[in-house]
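J.: Supplied in structure tokens, the structure appears directly below.
The values are calculated or read from the model by the stated rules, or taken from the named source; none is laboratory data. If you're wondering where the values come from, they're calculated on a predicted model, not measured in any experiment. Here the Cβ positions follow ideal geometry from the backbone for every residue, glycine too, while neighbour counts run over all protein chains shown.
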Amino acid sequence: MIFVTVGTPRDFSRLIKKVDEITKDLNHEIIVQRGNTRYKPKNCESFTFTSRDKFLNYVKNADIVITHGGVGSIIDSLKYGKPTIVVPRRKMFNEHRNDHQMDITRELENEGKILACYDINDLKKKIREVKKFRLIKRGEEKERIKKILNNFIKNSMR
């Protein structure tokens, strides 16, 4: 199951319309939390809001989480180790008052925590890529860097 969440602040029709458009091409059940978004998908199940427990249950049961760039939604997804695709809200589309979600998304992408989707037309491709995506978990970065350094030291002493 793919769980899509847009949080609460503003309309995010751009994401919900794209999800609705590509639903038929995906081999997944899709459930959308659309919040204050005016567009209601025709090809997948959706709801506006639910209790915190039910929301977390959707996250826990998801194979993939697609979310806006809101920190709370991203943290919930990562807490349960879910492959997470982040589609940041953009000021240029009047989805937010500034582009802080772009900054959050870039930072988490650089850390290997999420898959970023900056162009909504790439969403289907990102969903396919998520199968190859390996979440870098806390502590793994240090171990990976240690291995690289140890290998470098070993090889440089030869």
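J.: Pick from S51, S13, S46, S73: which is under 24 Å from G112 (Cα atoms) and of a type in the set (S, T, Y)? Break it down stepwise before answering.
T.: Values: S51 fails: under 24 Å from G112 (Cα atoms); S13 fails: under 24 Å from G112 (Cα atoms); S46 fails: under 24 Å from G112 (Cα atoms).
On inspection, the qualifying residue turns out to be S73.
J.: Report, by residue number, each residue of segment 110-131 that is of a type outside the set (A, V, I, L, M), in contact (Cβ under 8 Å) with a residue 12 or more places away in the chain and surrounded by 15 or more Cβ atoms within 10 Å (Cβ to Cβ).
T.: G112, K113, C117, K124, K126
J.: Let me ask something else. Any residue that is among the aliphatic types (A, V, I, L, M), in contact with a helix residue (DSSP H, G or I) (Cβ under 7 Å, 6 or more places away or on another chain) and surrounded by 17 or more Cβ atoms within 10 Å (Cβ to Cβ) - is there at least one of those in segment 38-56? It would help to see each step written out before you state the result.
T.: Quick first cut of segment 38-56, residues among the aliphatic types (A, V, I, L, M) only: 56.
Next cut, in contact with a helix residue (DSSP H, G or I) (Cβ under 7 Å, 6 or more places away or on another chain) only: 56.
Subsequent filtering for residues that are surrounded by 17 or more Cβ atoms within 10 Å (Cβ to Cβ) retains none.
No, segment 38-56 contains no residue that is among the aliphatic types (A, V, I, L, M), in contact with a helix residue (DSSP H, G or I) (Cβ under 7 Å, 6 or more places away or on another chain) and surrounded by 17 or more Cβ atoms within 10 Å (Cβ to Cβ).
J.: Also: What is the one condition in (1) of a type outside the set (G, A, S); (2) buried (at least 19 other Cβ atoms within 10 Å of the Cβ); (3) under 29 Å from R134 (Cβ atoms) that D63 does not satisfy?
T.: Failing condition for D63: (2).
J.: What is the residue count in segment 66-84 for residues that are surrounded by 21 or more Cβ atoms within 10 Å (Cβ to Cβ) and of a type in the set (A, V, I, L, M)?
T.: Selection size over segment 66-84: 2.
J.: Looking at segment 26-59, which of the residues that are among the β-branched types (V, I, T) and not in a strand (DSSP E or B) is nearest to I2 (Cα to Cα)? Before you say what the answer is, go through the steps one by one.
T.: Residues of segment 26-59 that are among the β-branched types (V, I, T), as a first pass: 30-32, 37, 48, 50, 59.
Checking which are not in a strand (DSSP E or B) leaves us with 37, 48, 50, 59.
Numbers: T37: 18, T48: 16, T50: 17, V59: 9 Å.
Going through the qualifying residues, I end up with V59.
J.: Please count how many residues of segment 60-73 are assigned to a helix (DSSP H, G or I) and either touching a strand residue (DSSP E or B) at 6+ places or on another chain (Cβ under 6 Å) or modelled with pLDDT under 95 (or both).
T.: Residues flagged as assigned to a helix (DSSP H, G or I) and either touching a strand residue (DSSP E or B) at 6+ places or on another chain (Cβ under 6 Å) or modelled with pLDDT under 95 (or both) within segment 60-73 amount to 3.
J.: If I go through segment 74-112 residue by residue, how many of them are touching a helix residue (DSSP H, G or I) at 6+ places or on another chain (Cβ under 6 Å) and in a loop (DSSP other than H, G, I, E, B)?
T.: Here the count works out to 6.
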